[in-house]
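The values are calculated or read from the model by the stated rules, or taken from the named source; none is laboratory data. Please read all numbers here as calculations on a predicted model, not as lab measurements. Don't worry about glycine lacking a Cβ; one is built from the backbone with ideal geometry, like all the others, and counts go over all protein chains shown. Please note that ligands, DNA and RNA were not included when accessible areas were found on the heavy atoms of the full protein model with its side chains. Shrake-Rupley method; radii C 1.70, N 1.55, O 1.52, S 1.80 Å.
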Amino acid sequence: MSDRVLSYENAASTVLEQGRIAATAARRMEDVALGKAPGRVLAATLLADRDQPPFPRSVRDGYAARAAELDGRPLQVIGQIHAGESWTGATPAENEAIEIMTGAPLPEGLDCVAMIEHVREESGRITPEAGRRWRVGENVVPRGAEARAGAALVPAGTRLGTQHVAVAAICGYSQVKVYARPRVAILATGDELVGLSEMPGPFQIRNSNSYSLASQVERAGGEAMILPAAPDQLETIADSIREAAQYDMILLSGGVSMGRRDFVELALESLGAEFFFTGAKIQPGKPVVFGRIPVNQGWRYFFGLPGNPVSTMVTFALFGAPLLRALSGESENRWPPRFLTARLTAKAEGRPGLTRFLPSRSATTRHGLEVHPVPWQGSGDLAATATAGVFAVVPEEGLAAGAEVRVVEL
């Protein structure tokens, strides 16, 4: 294995390139009830089952009339129509109008709706505002203006949100076809790790990385499978990776630096791993490793993430989550992390040759989004990171207070 340490941009591009390859593989699909669909990735496009709206629909409470007759003269009101009803009376004659509620169908022969606010009603007659110009189609949505029957409304590859559930419901989908969530094996390594319920010894720590990663995996659309932590023993780690390879993706934390007891890369090498990169020029997270191992007739992608907790979270957000979104069937434009632009309120030091991701607090002010880096003690400082909502992206030359800065959420 040769060292291949890439810039952040090149490492991110390498992950997306492998994501495109992974996206061509067949995926498991399943039907889920619509109420369970939010957050799942759609596997079959949602189609309109009929024209939307299925009739010319009033969008205001008011009076259905003919625009040409709304010239300031009184009109006789001959009836009323509510949402869910249709007009069953005779077609209105000249200078006649019908009171109409929001959502009701426009009666045949009429071509606009005058809002209540723009007419005066008295003794069953309305008088429109004098001098106002009225348009044919005013306050009316024509039949099929939103979608025609059979039109594609939500494409496959969409991660379903509230707005998509509403569309599915109005088109009669009681269940939708989605991709099965990728199962992600999470394997922490290190002699110093103990379980959450155990009291750590003087030089031990609880295994926080498996649980922070599980949280990130679930948020990115995967199903987290936490495996027992492995001690720093080459064969034990290799055996644990073999077990992890039954799942769709493997996340390892710890054991990827240059120490004498960092065995993860050696264990992966012994299993025939192909490495795409063995480090990224970032802080925190420089030792991150990305590759794949052969499994049966295919491959399993893996990430070897640094063991320091903040490094683990940052490297998964930057590299692991995009690949997981690809494996989940989500559209490619949604794979990369979402970066926003903000104003930096304090100086941020750079590091030669590194892109830094500094935990920061954000606030929206009248000047826009502002971020302020929080004091921290490095990539093991979970307490400081817990007070941060975003990470500010600082180039190697650093940034002055007041500079524009990119930020990313975990």
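Each Cα pair under 8 Å and six or more residues apart adds its separation to the average, and for the range 331-410 the resulting relative contact order is 43 percent. Note on residue 148: accessible area approximately 130 square angstrom, rounded to 10, probe 1.4 Å, nucleic acids and ligands left out.
First compute the accessible area of the range 27-105 with a 1.4 Å probe, then give the percent of it belonging to carbon and sulfur atoms. Here carbon and sulfur together make up 50 percent of the probe-accessible area. With coordinates expressed along the principal axes, the C-alpha atoms belonging to the chain extend over 94, 52, 40 Å, beginning with the largest. Highest-first packing order for the peptide set 34-42, 315-323 is 315-323, 34-42, based on the mean count of other beta carbon atoms within 10 Å. In units of the rule-of-thumb radius 2.2 N^0.38 Å, the range 1-152 shows an alpha carbon radius of gyration of 1.80. Selection among 320, 231, 266 by position relative to the dipole of the range 209-328 gives 320 as farthest towards the positive end (Cβ unit charges, Cα centre). Per-residue Karplus couplings for the range 178-195, computed as 6.51 cos²θ - 1.76 cosθ + 1.60 with θ equal to phi - 60°, are listed in order as 10, 7, 4, 5, x, 8, 10, 7, 10, 10, 8, 10, x, 5, 7, 8, 10, x Hz, Gly and Pro entered as x. Straight-line cross-link partners of residue 36 among the lysines, defined as a Cα under 28 Å from its Cα and at least 8 positions apart when in the same chain: 177. Here is how the number arises for the chain: DSSP H runs of 4 or more residues each give -39500 (n - 2.57), the sum is divided by the residue count, and the result at 222 nm is -5000 deg cm²/dmol.
Gap in Å between the Cα centre of the range 226-289 and the Cα centre of the range 25-66? Cα centroid of the range 25-66 versus Cα centroid of the range 226-289: 44 Å apart. Within the same chain, lysines fewer than 8 places from residue 347 are excluded, and of the rest, those with a Cα less than 25 Å from its Cα are 281, 286. All Cα-Cα distances of the range 258-334, cut into 5 Å bins from zero to the largest, leave 3, 14, 23, 22, 21, 11, 4, 1, 0 percent in each bin in turn. Rounded to the nearest 20, the size of the Cβ-charge dipole of the range 124-187 about its Cα centre is 100 debye, with Lys and Arg at +1 and Asp and Glu at -1. Rolling a 1.4 Å probe over the protein heavy atoms gives the chain an accessible area of 49 Å² per residue. For the chain, modelled as a GNM whose springs connect Cα atoms under 10 angstrom apart, the maximal fluctuation among 94, 223, 138 occurs at 94.
Shown in residue order for the range 197-206 are the 3J(HN,Hα) couplings computed by the Karplus curve 6.51 cos²θ - 1.76 cosθ + 1.60 at θ = phi - 60°: 8, 8, 8, x, x, x, 10, 10, 9, 6 Hz (x for Gly and Pro). Take 26-33, 74-81, 224-231, 155-162 and order them by the average number of nearby Cβ atoms within 10 Å per residue, most first; the result is 224-231, 74-81, 155-162, 26-33.
Here the contact order of the chain, divided by its residue count and restricted to Cα pairs under 8 Å and six or more residues apart, works out to 16 percent.
Across the range 186-341, C-alpha contacts under 8 Å between residues 6 or more apart give a mean separation that, scaled by the residue count, equals a relative contact order of 22 percent. Listed values for the range 341-353 are Karplus-derived 3J(HN,Hα) couplings in whole Hz (6.51 cos²θ - 1.76 cosθ + 1.60, θ = phi - 60°), namely 10, 9, 9, 7, 8, 9, 4, 10, 6, x, 9, x, x, and x replaces Gly and Pro. Taking only the C-alpha atoms of the range 34-123, Rg followed by Dmax gives 17.8, 58 Å.
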